[in-house]
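The values are calculated or read from the model by the stated rules, or taken from the named source; none is laboratory data. Because the structure is predicted, anything quoted here is derived from the model rather than measured. In this analysis, Cβ positions are derived from the backbone assuming ideal geometry, glycine residues included, and neighbour counts consider all displayed protein chains. Note: areas computed on protein heavy atoms with side chains; ligands, DNA, RNA excluded. Shrake-Rupley method; radii C 1.70, N 1.55, O 1.52, S 1.80 Å.
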Protein chains: 4
Amino acid sequence: MAEMKKIGVLTSGGDAPGMNAAIRSVVRSCIYYGVQPVAIHEGYKGLIENNMEEVNARSVANIINQGGTFLKSARCAEFRTPEGRTKAFENAKAAGLDGLVVIGGDGSFTGAMLIEKEHGMPCIGVPGTIDNDIFGTDYTIGYDTALNTAVEAIDKIRDTATSHNRLFLIEVMGRDAGFIALNSGIAAGAEEILIPEEDHSVDKLMDSLQNSGRAGKTSSIVVVSEGEKIGGVVELGRAVEESFPEYEVKVTVLGHIQRGGKPTCVDRVLASRLGVAAVEKLREGISGVMVGVRDQKVVTTPLEEAISKHNAIDDDLLRVADIVTV
Amino acid sequence: MAEMKKIGVLTSGGDAPGMNAAIRSVVRSCIYYGVQPVAIHEGYKGLIENNMEEVNARSVANIINQGGTFLKSARCAEFRTPEGRTKAFENAKAAGLDGLVVIGGDGSFTGAMLIEKEHGMPCIGVPGTIDNDIFGTDYTIGYDTALNTAVEAIDKIRDTATSHNRLFLIEVMGRDAGFIALNSGIAAGAEEILIPEEDHSVDKLMDSLQNSGRAGKTSSIVVVSEGEKIGGVVELGRAVEESFPEYEVKVTVLGHIQRGGKPTCVDRVLASRLGVAAVEKLREGISGVMVGVRDQKVVTTPLEEAISKHNAIDDDLLRVADIVTV
Amino acid sequence: MAEMKKIGVLTSGGDAPGMNAAIRSVVRSCIYYGVQPVAIHEGYKGLIENNMEEVNARSVANIINQGGTFLKSARCAEFRTPEGRTKAFENAKAAGLDGLVVIGGDGSFTGAMLIEKEHGMPCIGVPGTIDNDIFGTDYTIGYDTALNTAVEAIDKIRDTATSHNRLFLIEVMGRDAGFIALNSGIAAGAEEILIPEEDHSVDKLMDSLQNSGRAGKTSSIVVVSEGEKIGGVVELGRAVEESFPEYEVKVTVLGHIQRGGKPTCVDRVLASRLGVAAVEKLREGISGVMVGVRDQKVVTTPLEEAISKHNAIDDDLLRVADIVTV
Amino acid sequence: MAEMKKIGVLTSGGDAPGMNAAIRSVVRSCIYYGVQPVAIHEGYKGLIENNMEEVNARSVANIINQGGTFLKSARCAEFRTPEGRTKAFENAKAAGLDGLVVIGGDGSFTGAMLIEKEHGMPCIGVPGTIDNDIFGTDYTIGYDTALNTAVEAIDKIRDTATSHNRLFLIEVMGRDAGFIALNSGIAAGAEEILIPEEDHSVDKLMDSLQNSGRAGKTSSIVVVSEGEKIGGVVELGRAVEESFPEYEVKVTVLGHIQRGGKPTCVDRVLASRLGVAAVEKLREGISGVMVGVRDQKVVTTPLEEAISKHNAIDDDLLRVADIVTV
């Protein structure tokens, strides 16, 4: 057991729904175990600028259902330098922190790994990002909420697509991973789904459009991952209109609405579990790892591995997508 | 009293949430009064192509809560010609239609006015459009739903704006009218609202940003009506970033999600009222008018007037917007 | 013009969605006009117990979209006594309050009227209650949200009613007024609507059920206002089952979910308008009145009248309900 | 490979959100593999009464996002008799059905098992029930949606609980299993969660209330599973009020709203996967099993086992619940 008198918690990188639930869980787990929780504002910047405060159970009342992160998140170029990290560590030390819980994604975990390696500050990563592209967990905090936000938006567009015989190209988030596009596309009954993991091309989409045209299908939803290789969704729309002047093509970029909103039940429960696990691991003397959930069990993965590896898209689900869109 | 044995109903132009509730109300009012309702598919195109069918109360079961229009809506260039309208009238006559209820906006009402003037077909307009830009009614069907969709989306973006200290420019619908921008902007607590009715300019927004910057305010939501005179929201974003490199500017175009979704209570009740009124007016021998609601009472306005005039934005509400965004 | 250096604001009675938006608007209007806003916690109890604080624009940031009231609301038996009101007034005086904005319903306005009559404290009422039963305004703050909450819940029950051929009796709020029942019933496509304003009876509902049974209709939704004269919805359910053993009757009491939730756009805008109006009236030297909206214009009504009179249910809407449920 | 020319699909037992998505997936998988899908109405009753029809891809368009089941579900006493099943089998045979996909829960699977044993009709079970109490799958179709519906409702009640210092007892579904109560309770930040799996008692809840009273906590949410052993939630409320007259206790039974609503992304994707799997298993000559998802992979479980065993509540999650409610 590692003696933990004070544990700091921060959110870093792109915010995700459920981060507040994770902070709350870290804070309450600390209190449960007699540890003093310390809230660090604006990510690593707060460590460098000494923007932190001791908190209690009441500090995190009524935030479990709020989107965003009340601790805020900020980019911090200074923390990417050894000098920045030294300053951050010294502030953490002066504040009496014995461990640090970092809620965020790849970039945030890199920072955690470095401050632990360079200064021996025990760190635990908690995967909070809508993209679901973190190795070592089946799901990241925020992913389920983002999926549902995307699906609800596409449902609304479907209403108007059905009313009018149109082709909608809808871009969802996921720069490097097609998880959101594949799942929201299946769930929204999209006619086509373009993801970065597959070698789709304008030609392939065109084939499909030609076939659906022949089949008399008159309105279509195409969900496109923002990382899709053929270029932006606006360019894609232009290309489709050139080849199929009979289609009225509409382009929608869902954008930042996918980052906000009340977290779903799954995200709140996941955040609650991982917050507890983060504090317990630190108390057990385990650090330098990310906590995640695999097959419904809490597991740990070295931060290094969490950063370098990536979850593959589920081939079986790709197959399902092909079948249900006949 | 005008003898009405059969009444046709169609939706035309851009679809709006609540159109299904309006169709249902027209159909059920017909049945209530012993009139045979006839559903016309794809707007005026369905009249020209004889795509219509007699329906009953069951035909409109379980649609009151559905977005879009199950009768579909289509543009119809042919109906804009006298020949097209003659063909449409002949089909209507052959089908035994004694009157026509047209659910839609400006353009749709022009068509209704012309077919009545040229051929004596009694027509009633029902205002269905999210833009709320129809004279002769306090609210159009779909407007309240679109407002709430916009507000929910901006709420989500607020979550992430607050987490990150950013400036968001959010474009909402309303090409010629700032109703959606003004109301959703107030409701979402936007820091600035740009509407076509006001002579805003990049300069004015810039002033405000400079002041809020000085006030230490670090994140901002600016709601922009798509008809705003200074140009598209993307260009606006570029201009802001040039003048204020310290801001991280994000642009979101809400787009077509505003046209879909389950109608709100207000829109369903309004649609139910106006559907009843449309049938009752036809039976009373009144036509060539639009039914609307003014001060919670059903009123009629000649189609000509409904098309040519426009509701002005509420000056008092503009004042409220200025005050609550201090 | 009345010199107003400090204005207090409190919420009292049953809470309603949009109360936070109203508080925010009062606070920001004060600041706009150079008045110091004072937030009073837990209604009149906070006045008596001196639980108040000066606030600023930041104090009400990010609450416009929150349900409930962050100032809390509490019953206060002591304020109903002259001694309690004297104590409250003395505290208000000591805190330098020149006026008071009371957000609530009937009971809250009675308190405001009395403290003004007895001690000359200028008071303005702002109608905040989901029941919509306040005279002097077309809509109360919270009513539109409650309506939509009820409609969404009934929509969900419709899904399962349709799947199973059942009769659902759904009780909605509105002890003395059938506004929620009538509007949510129309909007949700209920087969029957029972409200306290109409002399419905078990017999009448029974007739209708018998007819719908004959018509082969196999699932039904009946919306019942909690104030309906024939007794509670549970008893009603029992009576129906006795007369129609072939029906599987299910009873649902929507209850307190109708009081919560994010306020709709209409409620936020209404709250923003009325908050501004409340502060402006006080500054104009007008008090002892409630601010409301009639025909989209801000109006004032003496508190005495607001308390003693009641909005009548719209007969035309009752007629619409009968027609669309054929 | 089993020759499958026609496959029937039906929904049976309590309906659940996502059933429509499952039907759609079965239908489209059939078409994908050149099998004729046959839709059977009203569960086993439709088999007995010969209420079925051949369908195509269009028959299931625009239903993926609809709650309930458009095939309807009905109890069928006759199918519980050998004679009833013989009649059902003969109709199935006459219609040319080579296999049957049954979407439902325990009771529905018993029927499927018996008709296969007695008559050799190949059957596949697809777990569709909000209770999540089916062995052989991590999640049942409808469970995630019901969880989110419960959480949203509790969130709304939290708004008003916080405003008023009250104790709310909220009953959620789950007669034999506390999955919904435990997960929605954690997600909604409930102060106490009572589930049938734990030997809670009035005394234990009373202890906790006494402690929280001492801690100055003035409003509380207690989530109670409908199967909780100490009796109904209304009786529980009465008992609490007797022991703690200082609390204002409010009781809410969420009831049937939990069965309806648009399915979440998770439920739609799960339904899509399992629908594909059901058809593929039948084609592979596998039957008498339920398809489910374990650790994100499709697995099969003999119907007999699916019926007789039960998923245990996750002990680790019970621990998390205790920790985060400090």
>> Using the Cα centre of chain B as the reference point, and only Cβ charges (+1 on K/R, -1 on D/E), how large is the resulting charge dipole? Debye, rounded to the nearest 20.
In response: 1300 debye
> Nm distances between the label at C:E246 and the same-position labels in the remaining copies, 7 Å along Cα→Cβ, shortest first?
Replying inline: 5.1, 5.7, 7.6
> Does the range D:144-259 come out rounded, prolate or oblate, given a ≥ b ≥ c as the square roots of the eigenvalues of its C-alpha gyration tensor, rounded meaning a/c under 1.5 and, failing that, prolate meaning a/b above b/c?
Replying inline: oblate
>> List, by residue number, every residue in the range B:170-201 with a reduction of 20 Å² or greater in accessible area between the chain on its own and the complete protein assembly, 1.4 Å probe.
In response: B:N183, B:I186, B:A187, B:G189
>> On the rotation axis linking copies D and C, which residue of D comes nearest by its Cβ, and by how many whole Å?
In response: D:V253, 3
> Given label points at 7 Å from Cα along Cα→Cβ, what nm distances, shortest first, separate B:K309 from the same residue in every other copy?
Replying inline: 2.8, 7.1, 7.4
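For chain C, what is the calculated [θ] at 222 nm in deg cm²/dmol (nearest 500), taking -39500 (n - 2.57) for each run of four or more DSSP H residues and dividing by its residue count?
Values: 11 runs with 136 residues, N = 326.
It comes out at -13000 deg cm²/dmol, rounded to the nearest 500.
Name the shape class, rounded, prolate or oblate, that the alpha-carbon gyration tensor gives for the protein assembly as shown, where a ≥ b ≥ c are the square roots of its eigenvalues, rounded holds for a/c under 1.5, and otherwise prolate holds if a/b is larger than b/c and oblate otherwise.
Values: a/c = 1.29, a/b = 1.06, b/c = 1.21.
Rounded, because the longest to shortest axis ratio a/c is under 1.5.
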> Can you pick out the pairs among C:K87/C:K262; B:K156/C:K309; C:K250/D:K6; C:K87/D:K156; B:K297/C:K6; B:K262/C:K250 whose Cα atoms lie more than 30 Å from each other?
Replying inline: C:K87/C:K262; B:K156/C:K309; C:K250/D:K6; C:K87/D:K156; B:K297/C:K6
> If you take the accessible area of B alone, add that of A alone, and subtract the area of the pair, what total do you get in Å², probe 1.4 Å, to the nearest 100?
Replying inline: 2500 Å²
> Say each of C:E90 and A:E3 gets a label point 7 Å from the Cα, pointing the same way as Cα to Cβ; how far apart are those two points in nm?
Replying inline: 5.5 nm
> Roughly what angle does helix A:143-164 make with the longest principal axis of chain A, taking Cα atoms, 0 to 90 degrees, to the nearest 10?
Replying inline: 20 degrees
>> How would the range D:14-62 be classified by its alpha-carbon gyration tensor: rounded, prolate or oblate, with rounded meaning a/c under 1.5 and the a/b versus b/c comparison settling the rest?
In response: oblate
> Got a sec? Which residues of the range B:1-46 lose 30 Å² or more of accessible surface with every protein chain in place, vs. that chain alone, 1.4 Å probe?
Replying inline: B:D15, B:R24, B:R28, B:Y32
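How do the peptides D:169-180, D:310-321 rank, highest first, by the average count of neighbouring beta carbon atoms within 10 Å per residue? Provide the component values of the computation, followed by the final result.
Values: D:169-180: 24.3, D:310-321: 15.5.
The peptides rank, most packed first, as D:169-180, D:310-321.
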> Taking the Cα atoms of the range B:59-106 alone, what are Rg (to one decimal) and Dmax (as a whole number) in Å?
Replying inline: 13.7, 38
>> If R₀ is 30 angstrom, what is the calculated FRET efficiency for the pair D:E118 and D:E284, using the beta carbon separation as r and rounding to 0.05?
In response: 0.85
>> Please report, for C:Q296, the nm distances (one decimal) from its label point, 7 Å out from Cα along the beta-carbon direction, to the equivalent points in the remaining copies, shortest first.
In response: 1.6, 5.3, 5.5
> Between A:D176 and B:D315, what is the label-to-label distance in nm when each label sits 7 Å out along the Cα-to-Cβ direction?
Replying inline: 5.7 nm
